[in-house]
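Quick notes on the structure that follows.
Values quoted throughout were computed directly from the atomic coordinates according to the rules given, and no laboratory measurement underlies them. Keep in mind the model is a prediction, meaning the values are calculated, not measured. Methodologically, a virtual Cβ is constructed for each residue, glycine included, from the backbone with ideal geometry; neighbour enumeration extends over all protein chains shown.
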Amino acid sequence: MFLQIKNIPKLSWSSKSPVNFKPSLKTLFYLCLGLIFFGFGEGLLIVSGVGASPWNVLHQGVAMNIGLSIGTIAFLVSFLVLLLWFFFDQKIGIGTIINFIIIAIMIDLTIYCVDKPSEFFFQLLLVLAGILLVGFGTAMYLIANLGPGPRDGLMTGLQKKTNAPIALVRTSIEIIVVLLGWFLGGIVGIGTLFYALGIGPAVAFCLYLFACKIK
């Protein structure tokens with residue numbers, strides 16, 4: 001079952017090391033393509049208007065309490081999460097840096113190019129599409145093995161420490177984050193709940209699909 005998957009599969013385009021600073025063009029291509037899907041999915045979730053992702057709920061809640069912008073809080077939280085990597089023996093690679101750039105650009109492009117649907121049904125469709133795209137993009141860029149983003153690195157680090165299934169680890173992180181954000185005053189919508197409960201299984205399912213290509 002895909003919900004029990006624990007490891008990131010290695011494919012022909014996976015880097016041998018996350019600290020590889022001279023990866024092949026093929027590896028770079030899949031890294032960037034995965035991050036494009038990731039950013040597009042995050043953008044669709046925002047455009048839907050029915051709830052931000054759990055981490056953005058946390059950013060909003062913290063920002064409301066200390067008076068800084070959400071963007072500033074997002075940067076500071078990313079930095080703090082990176083510091084947590086020390087406890088999980090995670091390594092920063094070029095993928096970690098590219099993660100910030102491509103996802104930010106894709107979110108802005110999506111918000112600019114995609115209009116918010118007027119009907120609730122289509123808003124939910126955007127949420128579901130966003131979750132699947134983020135799941136697919138996450139799986140693709142993690143398999144490139146050039147370094148995860150801060151939050152995905154927390155997921156893979158915790159998985160290695162606990163040996164728990166990736167779906168369980170990711171879902172647990174998202175639920176804790178959204179509860180903390182909600183407690184601090186962040187706005188939670190139905191899209192937020194769908195994301196918190198669905199992104200773990202979505203990532204695991206996409207990793208499973210890629211793993212099946214090896215067999």
When a/c is below 1.5 the answer is rounded, else prolate if a/b is larger than b/c, else oblate, so apply that to the stretch 1-144 with a ≥ b ≥ c taken from the square roots of the Cα gyration tensor eigenvalues. oblate
Output the 0 to 90 degree angle, nearest 10, between the alpha-carbon long axis of helix 120-144 and the longest principal axis computed from the alpha carbons of the chain. 30 degrees
Which of rounded, prolate, oblate describes the stretch 68-208, given a ≥ b ≥ c as roots of the alpha-carbon gyration tensor eigenvalues and a/c under 1.5 marking rounded, otherwise prolate only if a/b is larger than b/c? rounded
Name the most mobile residue of Ala167, Ala144, Ala104, meaning the one with the largest mean-square fluctuation, in a Gaussian network model of the chain with Cα contacts below 10 Å. Ala104
Let me know the charge dipole size of the chain about its Cα centre in debye, to the nearest 20, where only the beta-carbon of Lys, Arg (+1) and Asp, Glu (-1) is charged. 920 debye
What's the exposure ranking of Thr27, Thr162, going from fewest to most Cβ atoms within 10 Å? Thr162, Thr27
Per-residue ³J(HN,Hα) for the stretch 19-34, Karplus 6.51 cos²θ - 1.76 cosθ + 1.60, θ = phi - 60°, Hz, x for Gly and Pro: 9, 7, 9, 9, x, 6, 4, 5, 5, 4, 4, 5, 4, 5, 5, x
Alpha carbon centre of the stretch 151-199 versus the stretch 4-21: separation in Å? 22 Å
